[in-house]
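Asker: Before I ask anything, let me first share the structure, which is written out below as structure tokens.
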């Protein structure tokens with residue numbers, strides 16, 4: 001009796017996992033950030049562009065290059081480093097200029113606000129750079145004159161990432 005219940009629960013959990021996995025794949029396929037390249041270049045609807053780009057990447061073999069792309073991670077790391085430096089700098093100025101009546105809560109609030117503002121500004125500045133790099137990958141996948149080999153893969157990585 002207990003073994004039947006365990007098997008029933010395993011089967012239900014397995015079915016739930018399969019449904020969630022399929023739903024997640026459909027969501028990622030229909031909402032790819034790479035689709036914005038096709039929307040801008042070919043004036044397609046977003047969902048159709050997302051499906052076309054995913055089909056294009058699956059057929060061309062550029063997906064391995066996209067997985068090894070460090071440019072978006074580098075943009076994020078540079079942004080966060082600059083944000084941290086600016087936040088610490090503003091905190092140092094506030095600590096140096098504070099009077100005896102100011103509390104530490106005001107300084108902490110100011111640091112949080114400066115972090116949020118800097119993050120918003122720098123993320124907005126770095127996003128076109130990230131988008132242009134992914135546009136290069138999508139254009140390479142679309143107008144690919146040959147089937148990629150490992151040598152071509154490293155050429156594309158070295159050329160477009162660095």
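The values are calculated or read from the model by the stated rules, or taken from the named source; none is laboratory data. Because the structure is a prediction, the values reported are computed rather than measured. Cβ placement follows ideal geometry from the backbone for every residue including glycine, while neighbour counts extend to all protein chains displayed.
Asker: For the range 42-69, what are the residues that are within 13 Å of residue 134 (Cβ to Cβ) and touching a residue at least 60 places away in the same chain (Cβ under 8 Å)?
Answerer: Scanning the range 42-69 gives 53, 56, 57, 62, 65, 66, 69.
Asker: Just a yes or no: is a residue in the range 66-81 over 30 Å from residue 35 (Cα atoms) and surrounded by 14 or more Cβ atoms within 10 Å (Cβ to Cβ)?
Answerer: No: zero hits.
Asker: Among the residues of the range 14-35, is there at least one that is exposed (fewer than 12 other Cβ atoms within 10 Å of the Cβ) and not in a helix (DSSP H, G or I)?
Answerer: So far as the range 14-35 goes, yes, one or more of its residues are exposed (fewer than 12 other Cβ atoms within 10 Å of the Cβ) and not in a helix (DSSP H, G or I).
Asker: When you check residue 114 against the structure, is it free of Cβ contacts under 8 Å to residues at least 60 places away in the same chain, under 30 Å from residue 133 (Cβ atoms), more than 15 Å from the chain's Cα centre (by Cα) and part of a helix (DSSP H, G or I), yes or no?
Answerer: yes
Asker: Given the criterion modelled with pLDDT of 80 or more and assigned by TED's automatic domain parsing to the domain that holds residue 115, identify the matching residue among 41, 77.
Answerer: Values: 41 fails: modelled with pLDDT of 80 or more.
Answer to the check: 77.
Asker: Of the residues 106, 88, 62, which single one is within 18 Å of residue 34 (Cα to Cα) and either surrounded by 12 or more Cβ atoms within 10 Å (Cβ to Cβ) or more than 21 Å from the chain's Cα centre (by Cα) (or both)?
Answerer: Result: 62 is the single residue among 106, 88, 62 that is within 18 Å of residue 34 (Cα to Cα) and either surrounded by 12 or more Cβ atoms within 10 Å (Cβ to Cβ) or more than 21 Å from the chain's Cα centre (by Cα) (or both).
Asker: Follow-up question, since we're still on this one. Quick check: is even one residue across the range 69-77 part of a helix (DSSP H, G or I) and more than 30 Å from residue 40 (Cβ to Cβ)? Spell out how you get there, then give the answer.
Answerer: From the range 69-77, those part of a helix (DSSP H, G or I) are 71-77; that's our starting set.
Keeping just the survivors that are more than 30 Å from residue 40 (Cβ to Cβ) gives none.
For the range 69-77, residues part of a helix (DSSP H, G or I) and more than 30 Å from residue 40 (Cβ to Cβ): absent.
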